[in-house]
Amino acid sequence: MNLPGAPFLHRRGSDLWLEDTAVADLAAAYGTPLYAYSRGAMRAALEPYRMALAARPHLVCYAMKANSNLAVLQTFAALGCGFDIVSAGELRRVLAIGGDPARVVFSGVGKTRDEMRFALASGVRCFNVESESELHQLSDVARAERRRAPVSLRVNPDVDPKTHPYISTGLRGNKFGVAHDRAAALYRLAAELPGLEIAGIACHIGSQITDTAPYLEALDRLLDLVEAIDRDGLRLHHIDLGGGLGIRYRDETVPATADWLGAMLARIDTRGHGEREILVEPGRSLVGNAGILVTRALVLKPGAEHDFCIVDAAMNDLMRPALYDAWMGITPVAQRSDPPQLWDVVGPICESGDWLGRARELALREGDLLAVTSAGAYAMAMASNYNSRPRAAEVMVDGSAVHLVRERETVQSLYAGERTIG
Ligand code: LLP
């Protein structure tokens, strides 16, 4: 089976390569644990979005929560992308790379007034508003600044995206979005509030979605609303389809971006909305399979029930297994011909939840390097310093060029803001 991330992640003989760079050389030069990304894979993942949308007004807003490294942002900005942000911090990152705020949509259920002010002053493209209260707050903030804030309502269509409950967001019981049956009334309210200007409508039903059907169901409900709002005489300039398209971690069958987006756009056209600008907010599908986490086996520890391979990466570097019971691929950087055996690949953190993979068939010796695949999204972005572990370095491979795009943290930097007493 192909490695997730192929052809950018591939084998030459028994050795793992990322584009034209041997992964073992990256580990030797930068140490482990190490996040390594393929710039080519990111560009390639964007391509079907660009192709599918080329013939109509559109904006691909990379959901930077998936991986907000400046070099990643720079890569997408250079290809014309905007960004989906969820905090003032993310907006600062966009500004730090010289990104265009007019290509930014600001999502999130809990924006502070300071964040609203800052985003407004920066000139973001649209606020994706998620509650009635937020409409009022944003209008107040905008009025005080003598501006009008462009808004979309993020509608909760109440469809089941059939993904992990922690990353489902479009069900009635979730905290996200405004209820479908309240949306038309809230648009009328938005039209009356003096600090607001209606720009569009938005929807995002969850993440790691592997089926087009719930998307189409949500889209139909969204278009019903667009038509109702039209009948109220209000004009929605754009439709934001959100993100959430899944990737293959193991053996999932995931619709190709072109097929999924093609089906969505066909539905939009059939229902007569083809002239509207389309926004999308992909995160994982642009970067997930463009990255690996390289780690070294420290200790092989046969146990009573499981044999443990203790590696130098841990749940602080990669939360997904501990948090979502997620399966991430683990593959040796240099394959051995020894007979494989089953290993629980775990980190050194003092928690039994600190595992990266269970019962993995691997031929291993102490000191060997392993790569956790599909680690370009929600890996470094969710890393912590638990156990006073400095966050790992990040490198971006571009052909045979390697760029260190984030230095490994130092322990001193972890407590630099702390004070002893007296
Ligand atoms: N737009 C909005 C409003 C979102 O909340 C998200 C993700 C996205 C776009 C991008 O979704 P994507 O295309 O990446 O699926 N930490 C979890 C995923 C959390 C996703 C949160 N929202 C994980 O590791 O699976």
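Less than 5 angstrom separates the built amide H of Gly82 from those of Val60, Cys61, Tyr62, all sequence-distant by 5 or more or on a different chain.
With a cut-off of 13 Å on the backbone N, the residues of segment 310-352 near the modelled label site 7 Å out from Ser14 along Cα-Cβ are 332-340.
With charges only on Cβ, +1 for K and R and -1 for D and E, what is the dipole size of segment 107-282 about its Cα centre, in debye, rounded to 20?
Numbers: 22 positive and 27 negative charges, 99 e Å.
Result for segment 107-282 is approximately 480 debye, rounded to the nearest 20.
Computed from the C-beta positions of Ala334 and Glu305, the FRET efficiency with R₀ = 22 Å rounds to 0.15. With the simple spin-label model, which puts each label point 7 Å out from Cα in the Cβ direction, the Ala256 to Ala121 separation comes to 4.8 nm. Fewest-first ordering of Ile421, Ile209 by other beta carbons within 10 Å of each residue's beta carbon gives Ile421, Ile209.
Given 0.36 nm per residue, what is the gain on full extension from His136 to Asp211 after removing their alpha carbon distance, in nm?
23.4 nm
Label zone of Arg358 (point 7 Å out along Cα→Cβ, amide N under 18 Å): in segment 309-341 this covers 309-311, 314-316, 318-330. How big, in percent, is the set of alpha carbon pairs in segment 107-282 lying more than 19 Å apart? Tail of P(r) above 19 Å: 56 percent of Cα pairs.
Just checking the listed ones, Ser107, Ser122, Ser38: in the Gaussian network model of the chain with Cα springs under 10 Å, the one fluctuating most is Ser122. For the options Val159, Val372, Val299, a Gaussian network treatment of the chain with springs between C-alpha atoms closer than 10 Å singles out Val299 as fluctuating the most. Database remark: amide H of Phe308 closer than 5 angstrom to the amide H of Lys301, Gly303, Asp344 (H placed geometrically; neighbours at sequence offset of 5 or more, or on other chains; Pro and chain starts carry no H). A simple count of charges around Gly399, restricted to other residues whose Cβ falls under 10 Å of its Cβ and scoring Lys, Arg +1 and Asp, Glu -1, yields -2. Residues Val345, Val226, arranged from fewest to most other Cβ atoms within 10 angstrom of their Cβ, appear as Val226, Val345.
Which number do you get for Rg(Cα) / (2.2 N^0.38 Å) in the chain? Please report the intermediate quantities before stating the final value.
Working: Rg = 22.6 Å, N = 422, 2.2 N^0.38 = 21.9 Å.
With N residues counted in the chain, Rg over 2.2 N^0.38 Å equals 1.03.
Cβ crowding within 10 Å, taken as a proxy for footprinting-reagent exposure, orders Phe308, Phe8 from fewest neighbours to most as Phe308, Phe8.
Value of Rg to Rh for segment 27-105, rounded to two decimals, is 1.02; Kirkwood radius and Rg both from alpha-carbon coordinates.
How big is the C-alpha Rg of segment 276-422 next to the rule-of-thumb value 2.2 N^0.38 Å, as a ratio?
Working: Rg = 17.4 Å, N = 147, 2.2 N^0.38 = 14.7 Å.
Ratio of Rg to 2.2 N^0.38 Å for segment 276-422: 1.18.
With a Förster radius of 35 Å applied to the C-beta separation of Arg146 and Tyr166, the computed FRET efficiency comes to 0.30. For the residues Ser337, Ser384, Ser152, a GNM of the chain with alpha-carbon springs under 10 Å puts the largest fluctuation on Ser337.
Tell me the net charge near Arg365. Cut-off is 10 Å between Cβ atoms, Arg365 excluded, with +1 for each Lys or Arg and -1 for each Asp or Glu. Let's see the in-between values first.
Working: positive: Arg336; negative: Asp338, Glu366, Asp368.
Surrounding charge for Arg365 is -2.
Comparing Cα centroids, segment 404-422 and segment 45-64 end up 39 angstrom apart. Measuring nothing but how far apart in sequence close Cα pairs (under 8 Å, 6+ apart) lie, relative to its length, the chain scores a relative contact order of 20 percent. Here the Debye sum runs over all C-alpha atoms of segment 380-422 as equal scatterers in vacuum, and log10 of I(q)/I(0) at q = 0.15, 0.21, 0.23, 0.34 Å⁻¹ comes out as -0.50, -0.77, -0.84, -1.17. Here's the picture: a label point sits 7 Å out from the Cα of Glu277 along the beta-carbon direction, and within segment 200-219 the residues with their amide nitrogen under 12 Å of it are 200-201. Applying the Karplus relation 6.51 cos²θ - 1.76 cosθ + 1.60 with θ = phi - 60° to segment 16-22 yields 3J(HN,Hα) values of 8, 10, 10, 6, 9, 10, 6 Hz, where x marks Gly and Pro.
Take the Cα of Leu342, step 7 Å toward its Cβ, do the same at Asp269, and the gap between the two points is 5.1 nm. A Förster radius of 22 Å combined with the Cβ-Cβ distance from Asp100 to Ala54 puts the calculated FRET efficiency at roughly 0.70.
Each reported figure results from applying straightforward, stated rules to the coordinates on display, with no laboratory input. Note that the structure is predicted; figures quoted are calculated from it, not measured. Every residue, glycine among them, receives a Cβ derived from its backbone with ideal geometry; neighbour counts consider all protein chains shown.
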